[in-house]
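**Q** My structure is below; once you've seen it, I'll send some questions.
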Amino acid sequence: MIMIHILIMAGITYLVRMLPMAIFKKKIESNFIKSFLYYVPFAVLGSMTFPAIFTSTSSLYSAIAGTAVAILLAFKEKSLLTVALSSCFAVYITEWILKSIDLF
Amino acid sequence: METAKSSNNFFAGIKDGIPIGLGYLSVSFTFGIMAVNSGLSVWIAVLISMTNLTSAGQFAGIGLISAGASYIEMALAQFVINLRYSLMSLSLTQKTDNSFNILQRLILSFGITDEVFAVASGKAHDISTKYMYGLITVPYLGWAAGTLFGAIAGSILPDSVSSAMNIAIYGMFLAIIIPPAKKARPVLWVTILSVVISLLLHYTPYLNKLSEGFVIIICALTASGFGALFFPVKEATK
């Protein structure tokens with residue numbers, strides 16, 4: 001029973017990934033579609049990041065701090081890992097400060 | 001092909017996959033905890049991660065399983081939530097070099113995740129199968145290992161640390177989109193449009209009932225269509 005659920009999950013997830021890859025082999029000629037596909041990653045990542053990033057931590061303030069740090073470092077073209085870890089660090093520090101303030 | 005060899009081999013892929021894998025640890029850790037909390041065994045949780053390799057789909061999946069959903073419901077939910085991968089997969093077909101035969105496509109398409117796609121499509125040159133294998137390896141292991149640790153440990157990490165780690169994946173996304181958006185105005189506009197639509201769909205009553213997968217599809221179609229219409233790429237992917 002649960003195995004069938006897992007089989008369905010895995011099967012559908014694989015098919016939506018595999019079919020386009022297996023079917024389209026030629027380079028697409030249409031400039032519209034080419035341009036469209038060029039923009040897809042940015043549109044996908046933009047919509048996945050916002051607003052989700054603001055609710056990804058335990059407080060809006062720490063999320064804002066993390067987002068600000070990430071944007072700043074990304075703007076300076078730091079590596080993916082640097083940006084990601086610095087952002088985590090900013091969240092950690094902010095939440096630590098918030099908690100310390102709360103204590104008094 | 002004028003691809004730079006050294007940045008297109010297995011080890012270049014491994015290297016690019018490390019930040020993804022690290023980011024996955026915290027997400028799959030959370031998944032492991034949630035899966036066990038919803039009544040699944042540790043091994044079922046790991047099995048799901050090793051066969052699905054997707055965040056939103058898996059989280060929705062364990063929710064549906066514990067809610068006793070029908071198979072049809074499960075299939076439809078997975079289809080909608082994961083349909084975005086079709087767009088990514090299609091987009092990647094334009095960036096693959098001639099080492100991609102049908103067998104490689106059948107194998108490698110399994111590993112297309114949001115982050116793998118983002119990194120692969122961000123490369124300046126066409127990607128090789130060797131690079132893709134490398135790129136997928138660490139994230140796949142990270143995803144499985146994180147699930148295992150999460151499921152076993154329940155909650156070993158203090159909340160303050162896991163809360164901080166949750167933002168890692170988004171920080172990475174920003175690091176992927178901001179540098180190109182800085183250099184090319186059209187990319188900036190497309191990204192901003194997508195974000196605005198996403199915010200509208202999340203905060204407008206009724207519309208905010210749309211599933212996460214649908215929201216991403218709508219944003220991607222609209223913003224990329226807008227970009228293609230108003231800022232056609234002169235000499236698109238070479």
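The values are calculated or read from the model by the stated rules, or taken from the named source; none is laboratory data. Worth saying up front: this structure is predicted, and the values here are computed from it rather than measured. Here Cβ is always computed from backbone atoms with ideal geometry, including for glycine, and neighbour counts include all displayed protein chains. Each accessible area value is taken on the protein alone, full model and side chains, heavy atoms only, with ligands, DNA and RNA left out. Shrake-Rupley method; radii C 1.70, N 1.55, O 1.52, S 1.80 Å.
**Q** Classify the protein assembly as shown: rounded, prolate or oblate, from the alpha-carbon gyration tensor (a ≥ b ≥ c, eigenvalue square roots; a/c under 1.5 rounded; otherwise prolate if a/b is larger than b/c)?
**A** rounded
**Q** What pairs in A:Lys78/B:Lys95; B:Lys123/B:Lys234; A:Lys78/B:Lys209; B:Lys130/B:Lys182 have C-alpha atoms more than 26 Å from each other?
**A** Listed pairs above 26 Å: A:Lys78/B:Lys209; B:Lys130/B:Lys182.
**Q** Within 10 Å of each Cβ in peptide B:59-69, how many partner chain Cβ atoms are there on average? Round it to a whole number, please. Working shown, then result.
**A** Numbers: counts 0, 1, 7, 3, 0, 3, 5, 0, 0, 1, 1.
The shielding value for this peptide is 2.
**Q** Kindly provide log₁₀ I(q)/I(0) values, in the same order as q = 0.25, 0.30, 0.32, 0.33 Å⁻¹, from the Debye equation applied to equal alpha-carbon scatterers of the range B:169-208.
**A** -0.82, -0.93, -0.97, -0.99
**Q** Which percent of the accessible heavy-atom area of the range B:10-166 goes to carbon and sulfur, probe 1.4 angstrom? List each step's numbers first, then the result.
**A** Details: 4220 of 5780 Å².
C and S atoms contribute 73 percent here.
**Q** Same structure again: Once amide H atoms are placed 1.01 Å from N in the peptide plane, what residues at a sequence separation of 5 or more from B:Ile127, or on another chain, have their amide H within under 5 Å of its amide H?
**A** B:Thr96, B:Asp97
**Q** Based on DSSP H runs of at least 4 residues, each adding -39500 (n - 2.57), what is the mean residue ellipticity at 222 nm of chain B after dividing by all its residues, to the nearest 500 deg cm²/dmol?
**A** Calculated mean residue ellipticity at 222 nm is -24000 deg cm²/dmol.
**Q** I've got another one for you. Leaving ligands, DNA and RNA out of it, work out the accessible area of B:Lys15 with a 1.4 Å probe and give it in Å² to the nearest 10.
**A** Probe radius 1.4 Å; accessible area of B:Lys15 about 140 Å².
**Q** Further question on the same structure: Which value does Rg/Rh take for the range B:10-166 over its C-alpha atoms, Rh per Kirkwood?
**A** 1.00
**Q** In what order, largest first, do B:Tyr170, A:Tyr38 sit by accessible area if the probe radius is 1.4 Å?
**A** The most accessible residue leads, giving A:Tyr38, B:Tyr170.
**Q** Could you tell me how many degrees, from 0 to 90 and to the nearest 10, lie between the Cα long axis of helix B:212-230 and the main elongation axis, the longest principal axis, of the Cα atoms of chain B?
**A** 10 degrees
**Q** I'd like the accessible area for B:Glu73, computed on protein heavy atoms only with a 1.4 Å probe and all protein chains in place. Round to 10 Å², please.
**A** 90 Å²
**Q** Just subtract the alpha-carbon distance of B:Ile192 and B:Leu76 from 0.36 nm times their residue separation and send over the number in nm, one decimal.
**A** Fully extending the segment from B:Ile192 to B:Leu76 adds 38.8 nm.
**Q** Largest first, please: the extent of the C-alpha atoms of the range B:184-238 along each principal axis, to the nearest Å.
**A** Principal extents (Cα only, largest first): 40, 17, 14 Å.
**Q** Moving to a separate point now. Quick one: accessible surface of B:Asp16, probe radius 1.4 Å, all protein chains present, in square angstrom to the nearest 10.
**A** 40 Å²
**Q** What FRET efficiency comes out for the pair A:Ile93/B:Ala124, r = Cβ-Cβ distance, R0 = 35 Å, nearest 0.05?
**A** With a Förster radius of 35 Å, E is 0.50.
**Q** Normalising by the residue count of the range A:7-104, find the relative contact order in percent from Cα pairs under 8 Å and 6+ residues apart.
**A** The normalised contact order for the range A:7-104 reaches 20 percent.
**Q** Could you please put B:Trp43, B:Trp189 in sequence from largest to smallest accessible area, using a 1.4 Å probe?
**A** B:Trp43, B:Trp189
**Q** Please report the Cα spread of chain A along all three principal axes, rounded to whole Å, starting with the longest.
**A** Principal axes ranked by extent give 63, 46, 21 Å for the Cα atoms.
**Q** Using packing as a proxy for protection, rank B:115-123, B:58-66, B:179-187 so that the peptide with the highest average count of other Cβ atoms within 10 Å comes first.
**A** B:115-123, B:58-66, B:179-187
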